[in-house]
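Accompanying notes for the structure given below.
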Amino acid sequence: MRIIFIGAPGTGKGTQAQWITDQYNIPKISTGDLLRNEILKKTELSKKIKKIINCGKLVDDNIVTQLIKKRIKKKDCNPGFLLDGFPRTVNQANAIEKINIKIDFIIEFSLTEKLILERIQGRRIHVESGRVYHIIFNPPIIENKDNITGQPLTIRDDDKEEKIKKRIKEYKKFTVPLIKYYKHTTKLSNIKYYKIDASYTTLEIKKNIENIIKNNLLK
Ligand code: AMP
C-alpha cells in the first residue's frame, strides 16, 4: 500500500498519517520530519536547510528527493509507505517516477486559508518522532508532553502566522500545479485520486480515509 498525502500546511495530514501507520503497519515518511532531523545534526547542509524552512520556502528538489530515495530503500518500506508532504513539486513527482516507485492512491486535503491559520495556532510537535498534536482537536494525554516518550512538545518556528502565509504562497506556486499534474496523469494510470474536505473533525476524516483504504484493498 503506497499512499501520497497532498495538502497545504495545517490541513491535518500528519494527524491522519499517525493512525494509518499504527493500523496498517506502514511507515509515515514526512520530508518535513526528515529535514527537521537533518537540522538536528548541525552540519553545513543543515544550516542551509534551517534557513530555507524558517523563511517558509521549499527546500531544493534534489535535497528532498535524495532524502526520500534513501528512506524508501529501508526494509520497513517493503509492505508500503505513506508519503506525507512529498512530492510537493512536479519535479519531485517526476524524480520518483524515474526510479519506478509505484503509487496506489493519492489523497488531497482541502481547507480554506482562514481555517488553516486558525488550526495551526494550536499545533504542537515532538521533533524526533514527528508525532503531531493539537491543543484542542488532538491533545496529548499529559499537557505539552509526547504520549510515548513523555518528552516536551514544541511549537514549530515556521508555524508563526507570517511564515504560514509564506508557506501557503509556496503551496499555491508549486503544489497546486502538482495537483493539476496528478489529476491529469491519474486519469491515464491505475493511481486513484481522492480529494477530501479537511474542515470535518479528525474522527470524520479518519472514517472517510478508512473507507478509501478499504475500497482500495478490496480491488
Ligand atoms: P512540513 O513539515 O511538511 O510542513 O514541511 C516543513 C518545511 O520543510 C516546508 O515548509 C519546506 O520548507 C520543507 N519541506 C518539507 N517537505 C518538502 C518537500 N517535499 N519539498 C521541499 N521542501 C519541503
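Between the listed residues Leu153, Ile164, Val176, the Cα displaced farthest toward the positive end of the dipole of the chain, a dipole computed from Cβ unit charges relative to the Cα centre, is found at Val176. A Cβ-based charge dipole, computed about the Cα centre of the stretch 47-123 with Lys and Arg at +1 and Asp and Glu at -1, lands at about 560 debye. Basic side chains Lys and Arg get +1 at the Cβ, acidic Asp and Glu get -1 at the Cβ, and with that the dipole of the chain about its Cα centre reaches some 640 debye. With N the number of residues in the stretch 1-76, Rg(Cα) / (2.2 N^0.38 Å) evaluates to 1.18. In the chain, taking the dipole from charged Cβ atoms about the Cα centre, the farthest positive-side position among Tyr200, Ile4, Phe109 is held by Ile4.
Only protein atoms count toward the accessible area here, which uses a 1.4 Å probe; on the chain, the carbon and sulfur part of that area reaches 54 percent.
The mean accessible area for residues of the chain, using a 1.4 Å probe and ignoring ligands and nucleic acids, is 55 Å² per residue. In plain terms, the bigger the Kirkwood radius, the slower the diffusion; for the chain, with that radius from Cα pairs, at 4 °C and 1.567 mPa s, Stokes-Einstein puts D at 73 µm²/s. Under a Gaussian network description of the chain, with springs only between Cα atoms under 10 Å, the residue in Lys98, Lys47, Lys172 that fluctuates furthest is Lys98. Net charge dipole, the stretch 1-78: roughly 280 debye, given to the nearest 20, about the Cα centre with Cβ charges of +1 for Lys and Arg and -1 for Asp and Glu. Here the Kirkwood formula, the inverse mean of 1/r across different C-alpha pairs, assigns the stretch 79-133 a hydrodynamic radius of 14.1 Å.
The values are calculated or read from the model by the stated rules, or taken from the named source; none is laboratory data. All of these numbers come straight from a predicted model, not from anything done at the bench. Neighbour counts are summed over all protein chains in view; Cβ atoms, including those assigned to glycine, are modelled from backbone coordinates with ideal geometry. The accessibility values were calculated without ligands, DNA or RNA, using every heavy atom of the protein model including side chains. Shrake-Rupley method; radii C 1.70, N 1.55, O 1.52, S 1.80 Å.
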